[in-house]
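The values are calculated or read from the model by the stated rules, or taken from the named source; none is laboratory data. Predicted, not measured: the structure shown is a model, and the values here were computed from it. Every residue, glycine as well, gets a Cβ built from its backbone with ideal geometry; the counts of neighbours run over all protein chains shown.
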Amino acid sequence: MNWTEHAIVLAVAAGVTLLMTPVARLVGVRWGIVSHAGGRHVHQGAIPRIGGAGMFAGLIAAVGVRCAGEMSWGWHPVLTGPGSPALAVLAGIAVVFAVGLLDDVVDLSPGQKLLGQLLAAAVTVAGGVRIEFFSNPFSGGIILLGVLAVPVTLLWMVSFANIVNLIDGLDGLAAGVAAIAAASLFALALESNQPVAAFLAVVIIGVCIGFLRYNFHPASIFMGDSGALLLGFALACIALTGVMKSVAAIALVVPILIVGVPVFDTLSAIIRRKRHGRPIGEADRGHIHHRLLARGFSQRQTVLIIYVWSAALAIGGYAMRWVPALYKLLTFVVLALLSGLMAYWLGLFEAAHHKE
């Protein structure tokens, strides 16, 4: 793919999302699909929460343009080429979006949501997208997963789908972090010559840009589970079809580092709740964005701080993919120390107020 093709796909994804998100907002208002203030929420009033529908429309439009380009304009066959994993990936994204949209409308139970996410992941895995090996960082060899390939891949995809959902607590936060992660994964996919991953990364960047027009503070619409699960699942697929096809020992660490802020936030929440005898699944006001707000930062300042933190981790993840072994270790240690200091300053492992 050349840069013109990337630019067209990005523009279509962003433009259609920009046009369709107000439609989703109108539907949300008329049908009462809204998020109310109170509890862990920091917004005021009732805000429509099906912005993911606008994002999905942008994705579908980008796929349509890509297919048209390949069949009629001489574009490189990425989606229509033989052996492409694109159909399996897009089918899984469609399923997880439907699960998220259903949850936005009728509030599914946690068990029902998990089953839906597993179904979406299973659809993609059935199409041949899976983690089949790990590189051994000690011997330089390859560890084949064999029968464990399917459960490991399902765990990976469901985990990624949920980390974006967990950080979606402030206006513009999840969309911005996802766009930053997708940009880093796009660069890696290009350099690894993985066109499906590169295409999907460009689409995610585009839909996030289009959506942020309405979602940055003060937001007039939220992405809801439909948007958050879509973004997280798509990032998981980009990592699987791009970075993790490498036999480099660092291939598993890179995508985790690139989405390091939501991963770190999730892990700190688990540790915090275990330390204080609370159920792991219990919601509280101890997440990174809650702590920054408690420090006196405004919503916009908090989001921008997390953007910078995410960008630093994404750049570090990109660098670790290519630099010599000593610098990989040094980069990881520096980023881990900085994140640890941030966690200490914010008190992420201390008790937090619980959902009202």
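So which pairs qualify, if the first residue must be in region 222-245 and on the phi > 0 side of the Ramachandran plot, the second must be of a type in the set (Gly, Ala, Ser) and in a loop (DSSP other than H, G, I, E, B), the Cβ gap must be under 7 Å, and the two must be at least 6 apart or on different chains? Here the result reads GLY224/GLY51, each pair linking region 222-245 to a residue that is of a type in the set (Gly, Ala, Ser) and in a loop (DSSP other than H, G, I, E, B). Looking at region 258-351, what helices (runs of 4 or more DSSP H) fall wholly within it and have at least 1 residues that are basic (Lys, Arg) and modelled with pLDDT of 80 or more? Fully inside region 258-351 and qualifying: 260-275, 288-294, 299-322. When the residues of region 163-219 are filtered to those that are part of a helix (DSSP H, G or I) and of a type in the set (S, T, N, Q), the one that is surrounded by the fewest Cβ atoms within 10 Å (Cβ to Cβ) is ASN165. Considering ALA88, ALA68, the condition of being buried (at least 17 other Cβ atoms within 10 Å of the Cβ), of a type in the set (A, V, I, L, M, F, W, C) and part of a helix (DSSP H, G or I) is satisfied by ALA88 alone.
Run down VAL42, VAL63 and say which single residue is at pLDDT 95 or above, surrounded by 14 or more Cβ atoms within 10 Å (Cβ to Cβ) and β-branched (Val, Ile, Thr). Walk me through how you get there before you give the answer.
Details: VAL42 fails: at pLDDT 95 or above.
Testing whether each residue is at pLDDT 95 or above, surrounded by 14 or more Cβ atoms within 10 Å (Cβ to Cβ) and β-branched (Val, Ile, Thr) leaves just VAL63.
Scanning region 99-117 for residues that are buried (at least 16 other Cβ atoms within 10 Å of the Cβ) and touching a residue at least 12 places away in the same chain (Cβ under 8 Å) yields VAL99, GLY100, LEU101, LEU102, ASP103, ASP104, VAL105, LYS113, GLY116, GLN117. Could you list all residues from region 2-22 that are surrounded by fewer than 17 Cβ atoms within 10 Å (Cβ to Cβ) and among the aliphatic types (A, V, I, L, M)? Once the filter is applied, which keeps residues that are surrounded by fewer than 17 Cβ atoms within 10 Å (Cβ to Cβ) and among the aliphatic types (A, V, I, L, M), region 2-22 yields ALA7, ALA11, LEU19. Pairing residues of region 267-280 that are of a type in the set (A, V, I, L, M) with residues that are assigned to a helix (DSSP H, G or I) and loosely packed, with under 14 Cβ neighbours inside 10 Å, at Cβ distances under 9 Å and at least 6 apart in sequence or on separate chains, gives ILE280/ILE270; ILE280/LYS274. Selection within region 91-116: residues that are out of contact with any Gly (no Cβ under 8 Å at 6 or more places or on another chain) and part of a loop (DSSP other than H, G, I, E, B). The member of this set that is farthest from GLY28 (Cα to Cα) is SER109.
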